[in-house]
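The values are calculated or read from the model by the stated rules, or taken from the named source; none is laboratory data. Source: prediction; values computed, not measured. Please note: Cβ atoms are built from the backbone with ideal geometry, for glycine as well, and neighbour counts cover all protein chains shown.
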Ligand SMILES: [Zn+2]
């Protein structure tokens with residue numbers, strides 16, 4: 001079995017068919033269930049388990065490339081380190097699912113640093129292609145799927161990471177083992193405040209607060225920890241351009257109307273919520 005396939009060798013323990021929910025096992029280059037539903041493993045080492053075609057989103061390949069650069073530069077390391085610390089301190093966590101993993105920065109880093117068994121998916125096939133190509137260790141199980149029907153077995157995950165991404169708490173509950181954890185990372189009102197100040201008048205939601213997101217989380221989960229992580233980082237002009245291109249905050253803003261040259265620093269700030277059902 002070549003390297004890109006071997007990470008899927010234990011698939012029947014974890015994956016279930018998105019059509020009939022039976023176990024899926026690896027056969028040749030594919031994952032296949034006993035009803036013969038068959039999904040090819042790409043040569044980069046991901047499986048597309050989405051039953052419809054991947055929808056077009058605001059995230060182009062270029063915005064994933066920009067995001068990759070920003071993350072690799074370490075701008076969000078304050079978030080990464082907090083998550084790694086929690087996982088490292090919690091030996092009961094073996095199987096981890098990264099939900100809406102984008103270009104896969106957190107999943108790759110966490111795999112490398114903690115050696116846990118990592119699953120990661122996104123709705124965007126382009127994102128997963130980038131993620132799997134960058135996975136030099138060929139260790140993360142990448143797949144394309146929809147948040148509402150994740151093709152993993154009941155109780156198969158010990159921890160779900162939901163980093164700046166939408167949640168589906170009923171589905172998370174189905175997937176988690178007893179005493180499993182949800183780690184949810186959400187921006188605070190100070191997040192990117194240097195950009196917010198500049199474009200305040202153009203923002204749909206200028207007085208952002210994350211309280212409704214926290215309330216929704218607490219409707220389903222018992223919060224065992226809530227911590228704010230924060231860092232102000234310096235930007236080179238190249239990093240500034242990459243950031244402006246990729247941040248969802250500016251998707252609906254005419255970026256050319258703003259003088260960005262005075263944007264030399266950016267505050268990254270997030271609440272890291274850890275909860276249990
Ligand atoms: Zn099937």
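Quick rundown of the values:
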item	result
Qualifying residues in the range 136-149 (those that are in contact with a helix residue (DSSP H, G or I) (Cβ under 6 Å, 6 or more places away or on another chain) and over 11 Å from residue 101 (Cβ atoms)) - the one surrounded by the most Cβ atoms within 10 Å (Cβ to Cβ)	139
Selection count, the range 131-147, where residues are under 18 Å from residue 49 (Cβ atoms) and part of a helix (DSSP H, G or I)	2
Residue tally, condition closer than 19 Å to residue 150 by Cα and more than 7 Å from the ligand (Cβ to nearest atom), over the range 22-35	8
Hits in the range 107-122 (condition: surrounded by fewer than 24 Cβ atoms within 10 Å (Cβ to Cβ), assigned to a helix (DSSP H, G or I) and in contact with a strand residue (DSSP E or B) (Cβ under 7 Å, 6 or more places away or on another chain))	110, 111
Conditions (1) farther than 26 Å from residue 237 by Cα; (2) surrounded by 20 or more Cβ atoms within 10 Å (Cβ to Cβ); (3) in contact with a helix residue (DSSP H, G or I) (Cβ under 7 Å, 6 or more places away or on another chain): number failed by residue 71	(1)
The range 30-64, subset surrounded by fewer than 16 Cβ atoms within 10 Å (Cβ to Cβ) and in contact with a helix residue (DSSP H, G or I) (Cβ under 8 Å, 6 or more places away or on another chain), residue modelled with the lowest pLDDT	58
Enumeration of residues in the range 43-52 that are over 12 Å from residue 124 (Cα atoms) and more than 20 Å from the chain's Cα centre (by Cα)	43, 51
Qualifying residue in the range 220-229 (condition: within 22 Å of the chain's Cα centre (by Cα) and at pLDDT below 95)	no
Some residue of the range 100-116 being over 26 Å from residue 233 (Cβ atoms), in contact (Cβ under 8 Å) with a residue 24 or more places away in the chain, more than 16 Å from the ligand (Cβ to nearest atom) and touching a helix residue (DSSP H, G or I) at 6+ places or on another chain (Cβ under 9 Å)	yes
Counted residues, the range 36-51 - those being free of Cβ contacts under 8 Å to residues at least 40 places away in the same chain and more than 14 Å from the ligand (Cβ to nearest atom)	3
